[in-house]
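Data block below; observations after.
The values are calculated or read from the model by the stated rules, or taken from the named source; none is laboratory data. Every value quoted in this text rests on a predicted model; they were computed, and no experiment measured them. When we count neighbours, we look across all protein chains shown, and the Cβ atoms used for this are built from the backbone with ideal geometry, even at glycine. Calculation scope for accessible area: heavy atoms of the full protein, side chains included, ligands and nucleic acids excluded. Shrake-Rupley method; radii C 1.70, N 1.55, O 1.52, S 1.80 Å.
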Amino acid sequence: MLTGKTPFRGTPSEVMHQHQHALLPVEQLRDVPKPVAALLEALLEKDPARRFQNPADLLKAIPTITRAVDARRRITRQSFQKTPPSASRIGTRKPPTRPARKKISIARLPVTGSDVFGREEDIAFLDGAWANKDVNVVTFYGINR
């Protein structure tokens, strides 16, 4: 939105690949103040360890960036981020804790017939998607009536 155009173009899969792997096209940011462009690069960094690690770190950087914009001077990411780019911390964050799952006793499940019926079209669709090497995601949705 800073430039009025999207950073990447192509088919949806090409754009997704570019978002994941291509460098930020900084040449599109030539009319954006340099400190803001440096902030944007940090926010859109591919390596999570090189981004702000929490909102407080971002809030601490904002005054440095606004002073640099007001003074019309350049700043580097290192001047407003504590973690230098070479200090990668990938894999050091704790995974989110999940609540303990309730155990379900199969003895309490209802007794049903052994045949699956009425889903032939759905099963054929899933079989086709499974066999197709170009399909990575299948989405189902339901409507409550």
### Query
Expressed in nm to one decimal, what extension gain is obtained for the pair Arg98 and Val26 from 0.36 nm per residue of sequence separation less their Cα-Cα distance?
22.0 nm
### Query
In the structure displayed, which of Lys46/Lys133; Lys34/Lys60; Lys5/Lys60 lie more than 23 Å apart, Cα to Cα?
Lys46/Lys133; Lys5/Lys60
### Message
How would segment 6-55 be classified by its alpha-carbon gyration tensor: rounded, prolate or oblate, with rounded meaning a/c under 1.5 and the a/b versus b/c comparison settling the rest?
### Response
oblate
## Note on the structure
Packing-ranked peptide list from 12-23, 54-65, 130-141, highest mean Cβ count within 10 angstrom first, is 54-65, 12-23, 130-141
### Query
Taking all protein chains as present, what is the carbon and sulfur share of the accessible area of segment 1-49, in % to the nearest whole number, probe 1.4 Å?
62 percent
